[in-house]
Each structure stands twice: as structure tokens, then as C-alpha cells.
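Here is the structure we will look at, set down as C-alpha cells.
Readers should treat all values here as calculations from the given coordinates under stated rules, not as data from a laboratory. From a predicted model like this one, the values you see are computed outputs, not experimental measurements. Here the Cβ is made from the backbone with ideal geometry for all residues, glycine too, and neighbour counts use every protein chain on show.
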Amino acid sequence: MITAGQFSINALIRELKKDYIKNISIIEFISDNPVLAVYHEGDSLLVKGLSDQVWIYISSSDESELKFLLKNLVEDDVHFASIEDWMIPIVSASKEIDWKMSALRYYLPINIETPQNKIPISRLLPSDAEFIIENSNYKQFLSIDYITERIKKSFSAGIYEDGKLIAWGLTHDDGTLGSLHVVDERRRKGYATEITISLIRQCRENGKIPYAQIVEENLPALNLVNKLGFVKDRRVTWLKLNQHSKRD
């Protein structure tokens with residue numbers, strides 16, 4: 001194990017950037033959240049970091065190296081973020097899966113130009129967090145504290161009418177564009193596109209590659225990122241394991 005005090009975050013990021021798109025979630029997560037520990041085996045890395053939970057991120061292309069790294073985890077290490085399909089049966093070999101959510105990762109190449117916003121866009125306010133949660137399709141995976149923290153720390157974009165929030169988006173703890181939503185009565189006006197353009201520009205102005213992770217059933221979001229020139233990368237999964245082993 002390499003503890004958080006024994007390595008340079010910048011050095012770790014430089015190593016992960018050798019395959020930037022593959023490791024983009026890990027890179028952005030450790031850039032913005034406390035790192036608790038790093039485990040290394042061969043060309044594989046396992047990173048434990050703290051956001052709303054202790055999350056496990058993995059960079060690996062080797063089954064035997066992954067199995068070795070997983071031996072370092074303790075009983076409470078049950079939340080895994082942005083893992084690839086082939087990793088799931090290995091990660092869950094000894095414990096049942098409480099829940100999982102899969103998504104398709106898309107990123108925006110640097111050579112793709114983004115249009116200017118056509119309407120004014122504002123940053124979200126911490127006081128918007130409760131309303132955002134109430135209207136989210138993924139509220140079971142979110143909390144008021146998490147959304148409030150993201151509004152304070154992340155890039156965000158909102159459209160307000162008469163002081164009321166009608167469309168919004170922000171970046172999550174791993175830097176991905178997310179929580180995109182338009183209230184029902186204001187849809188089909190191009191607001192989702194305007195929010196996404198604002199988030200893209202904020203990412204790029206801060207030297208980051210815009211990327212999104214979208215559940216396969218969300219066809220409007222998939223159509224949107226395709227229209228804006230995003231490129232499909234891979235499917236990734238978040239999951240929570242049961243703390244007790246399968247034999248229990």
C-alpha cells in the first residue's frame with residue numbers, strides 16, 4: 001500500500017494520463033477529493049478516495065493484478081465507481097451486489113468546436129439542492145449534502161425564470177457532466193443543449209476534457225451528446241456490495 005502521505009497526487013495523475021480517457025474518472029476524482037490510499041500491482045492501480053462515501057476506483061487491464069489488489073480491501077470497502085464490465089464478476093466474487101448502475105461514457109475531443117450560448121446561464125445556488133433532488137430521476141443515488149457540495153465546488157449551470165429554476169446541470173465528484181434536467185413544462189426549447197454547452201465551456205476553460213456518463217435508457221441525453229460531437233468510449237458501472245460475504 002502507498003498511503004496518501006507517501007505519494008504526489010500530481011505524479012499519480014501524470015501516470016494515469018498515459019491513458020487519459022480510460023482513467024479520466026479517476027484523474028478527475030483524485031484532483032478534487034481526498035485520497036485515502038493507493039495500491040499498485042504491475043500496471044494496475046486501485047485508489048480509495050472520499051466524497052459522499054469512500055469510493056474505490058480501479059485502473060487495470062489484467063485479471064490477476066486486479067485480484068491481487070482487491071486483497072487489500074477491508075469489509076467496509078463496498079462502493080466501487082466507474083469500473084469496467086469485465087471487473088464486475090471479480091469485484092463481486094465474494095459478496096452480493098446491493099445495487100449497481102451502468103452508463104455509457106462519452107467524451108468531447110479537443111478539436112470539436114462548441115457554439116456560444118444563446119441565452120443567459122447562471123451558476124446554481126446551494127439553496128437549489130433540495131429542488132434538484134426532488135426532480136431527479138436518480139434521487140436514490142444522491143443526497144442533499146452531496147448536491148449542495150457539488151454546487152459549491154463544481155461547474156454548474158442553471159436557467160431561471162421569474163426567480164424559479166427551470167433547467168440545470170453540474171459536474172459530479174469525478175468531473176463528469178451530470179444531473180441534467182429540464183422541468184416538464186419547459187422542455188423542447190433547447191434548454192438542455194444550452195446547459196450542456198455552458199458546462200462544456202467551463203470545463204475547457206479550466207483545462208479539462210468534458211465527458212458524460214449516461215444510462216443507456218436515457219435516449220434524449222444520448223442524442224444530445226451525439227449532436228454536440230461527443231465520442232463513445234466504454235460502459236462503466238457503479239456498484240455497492242453487501243458487507244457480508246456470500247457464504248454468510
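Results, tabulated for the structure shown:
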{"quantity": "Amide hydrogen neighbours beyond the local backbone of residue 156, cut-off 5 Å, H modeled", "calculated": "124"}
{"quantity": "Among 214, 112, 132: highest mean-square fluctuation, GNM of the chain, C-alpha pairs under 10 Å", "calculated": "112"}
{"quantity": "Under 5 Å, built H, 5+ apart or other chain: amide partners of residue 73", "calculated": "none"}
{"quantity": "Cross-link partners of residue 95 among aspartates and glutamates (Cα-Cα below 15 Å; sequence separation of 8 or more within a chain)", "calculated": "75, 76, 77, 248"}
{"quantity": "Computed over segment 65-142, the ratio Rg/Rh where both radii use C-alpha atoms and Rh is Kirkwood", "calculated": "1.11"}
{"quantity": "Relative contact order computed over the chain (Cα-Cα under 8 Å; 6+ residues apart), in percent", "calculated": "25"}
{"quantity": "Cα gyration tensor category, rounded, prolate or oblate, for the chain with a/c compared to 1.5", "calculated": "prolate"}
{"quantity": "FRET efficiency, 1/(1 + (r/R0)^6) with R0 30 Å, evaluated for residue 226 and residue 36 via beta carbons", "calculated": "0.20"}
{"quantity": "Highest to lowest packing among 177-184, 50-57, 137-144, scored as the average C-beta count within 10 Å", "calculated": "177-184, 50-57, 137-144"}
{"quantity": "Karplus-derived HN-Hα couplings along segment 77-87 (A = 6.51, B = -1.76, C = 1.60, θ = phi - 60°), whole Hz, x at Gly and Pro", "calculated": "7, 10, 9, 10, 10, 6, 8, 7, 3, 5, 7"}
{"quantity": "Solvent-free Debye scattering, log10 I(q)/I(0), computed from the Cα coordinates of segment 126-229 at q = 0.13, 0.23 Å⁻¹", "calculated": "-0.43, -1.48"}
{"quantity": "Per-pair calculated FRET efficiency, R0 = 22 Å: residue 21 and residue 205 via Cβ, rounded to 0.05", "calculated": "0.65"}
{"quantity": "Long-range amide H partners of residue 242 with built H, under 5 Å", "calculated": "96, 97, 98"}
{"quantity": "Sequence-separation-based contact order of segment 126-229, relative, with Cα cut under 8 Å and 6+ spacing, percent", "calculated": "19"}
{"quantity": "Size descriptor, Kirkwood hydrodynamic radius, that averages inverse alpha-carbon separations across segment 1-145, Å", "calculated": "17.6"}
{"quantity": "Candidates 19, 233, 77: whichever shows maximal mean-square fluctuation once the chain is modelled as a Gaussian network with Cα springs under 10 Å", "calculated": "19"}
{"quantity": "Segment residue 86-residue 8, extension gain: residue separation times 0.36 nm, minus the distance between their alpha carbons", "calculated": "25.1 nm"}
{"quantity": "Estimated [θ] at 222 nm from DSSP helical runs (n ≥ 4, -39500 (n - 2.57)) normalised by residues in the chain, nearest 500", "calculated": "-7500 deg cm²/dmol"}
{"quantity": "For segment 1-73: lysine pairs under 19 Å (alpha-carbon distance), excluding those fewer than 8 apart on one chain", "calculated": "4"}
{"quantity": "Partner lysines for residue 118 [C-alpha distance under 27 Å; skip if fewer than 8 residues away on the same chain]", "calculated": "152, 153, 164, 189, 208, 227, 232"}
